[in-house]
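A.B. asks: Below: one structure in structure tokens.
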Amino acid sequence: MKTNDPATAEFVIVLLKAAEADDTLRGYDDLAALLGAAGNTEADFTGYTRISVTDAELLALPAPDDANDRYDVDMPDVEWDPAGGATNNSLVKLVIGYNETGGADSGILPVGHYDFVATTDGNKLTAEVAAGGFYRAS
């Protein structure tokens, strides 16, 4: 994705206001199945939209950590401003999905989910995805 190949590839950030247990979330093959399950509900607070992270946001990837034989990749912080106000949510999870084609939820592969506990109130909401790195290859 860093080289914009395919050009439609993106990560999609989705917030949940209700979520099943982590082990259950790991079992879904696509975002449509995850959101179609009775225990998972996508956010709907005022100002909410899914956020796309494309190759442009990932260009500043760090050098490999040769001393520890690993490569840590960070995800840029994402913001919703305003977050809530007229309609507020108590949030529980942040899901990152990989969307190669830019298409429907059935084509989005969930690649990670993180606890994200926040309550919207009309102010800006910032999500920092795993400060130590969103992905580690070793």
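A.B. asks: Can you report the number of residues in the stretch 117-138 which are assigned to a strand (DSSP E or B), modelled with pLDDT under 95 and among the hydrophobic types (A, V, I, L, M, F, W, C)?
C.D. replies: Counting residues in the stretch 117-138 that are assigned to a strand (DSSP E or B), modelled with pLDDT under 95 and among the hydrophobic types (A, V, I, L, M, F, W, C) gives 2.
A.B. asks: Here is a further query. Cβ-Cβ below 7 Å, separation at least six or inter-chain, first residue in the stretch 66-84 and among the basic types (K, R), second assigned to a loop (DSSP other than H, G, I, E, B) and loosely packed, with under 10 Cβ neighbours inside 10 Å: which pairs?
C.D. replies: R70/S138
A.B. asks: In the stretch 21-46, what count of residues is obtained for those that are surrounded by 18 or more Cβ atoms within 10 Å (Cβ to Cβ) and in contact with a Gly (Cβ under 7 Å, 6 or more places away or on another chain)?
C.D. replies: 2
A.B. asks: Same structure, new question: For the subset of the stretch 68-88 comprising residues that are among the hydrophobic types (A, V, I, L, M, F, W, C) and at pLDDT below 90, which member is nearest to K17 (Cα to Cα)?
C.D. replies: Ranking the qualifying residues of the stretch 68-88, first place goes to M75.
A.B. asks: Restricting to the stretch 1-28, what's the tally of residues that are over 20 Å from V117 (Cα atoms) and in contact with a Ser or Thr (Cβ under 9 Å, 6 or more places away or on another chain)?
C.D. replies: Qualifying residue count for the region: 7.
A.B. asks: Right, another one. Tell me yes or no: at least one residue of the stretch 85-94 is loosely packed, with under 13 Cβ neighbours inside 10 Å and of a type outside the set (S, T, N, Q).
C.D. replies: yes
A.B. asks: Please pick out the residue among A56, A9 that is of a type in the set (A, V, I, L, M, F, W, C) and more than 15 Å from the chain's Cα centre (by Cα).
C.D. replies: A56
A.B. asks: Here's a follow-up. Given the structure, is P110 surrounded by fewer than 17 Cβ atoms within 10 Å (Cβ to Cβ), in contact with a Gly (Cβ under 9 Å, 6 or more places away or on another chain), of a type outside the set (V, I, T) and at pLDDT 90 or above?
C.D. replies: no
A.B. asks: Read through the list (1) crowded, with 17+ Cβ neighbours inside 10 Å; (2) of a type outside the set (G, A, S); (3) farther than 15 Å from A9 by Cα, then give the number of the only condition that D69 fails.
C.D. replies: Among (1) crowded, with 17+ Cβ neighbours inside 10 Å; (2) of a type outside the set (G, A, S); (3) farther than 15 Å from A9 by Cα, the lone unmet condition for D69 is (1).
A.B. asks: Name, by its number, the condition in (1) surrounded by fewer than 17 Cβ atoms within 10 Å (Cβ to Cβ); (2) touching a residue at least 24 places away in the same chain (Cβ under 8 Å); (3) of a type in the set (F, W, Y) that does not hold for F116.
C.D. replies: For F116, the failing item is (1).
The values are calculated or read from the model by the stated rules, or taken from the named source; none is laboratory data. Being a predicted model, the structure only gives us computed values, none of them experimental. Neighbour counts run over all protein chains shown; Cβ positions are idealised from the backbone, glycine included.
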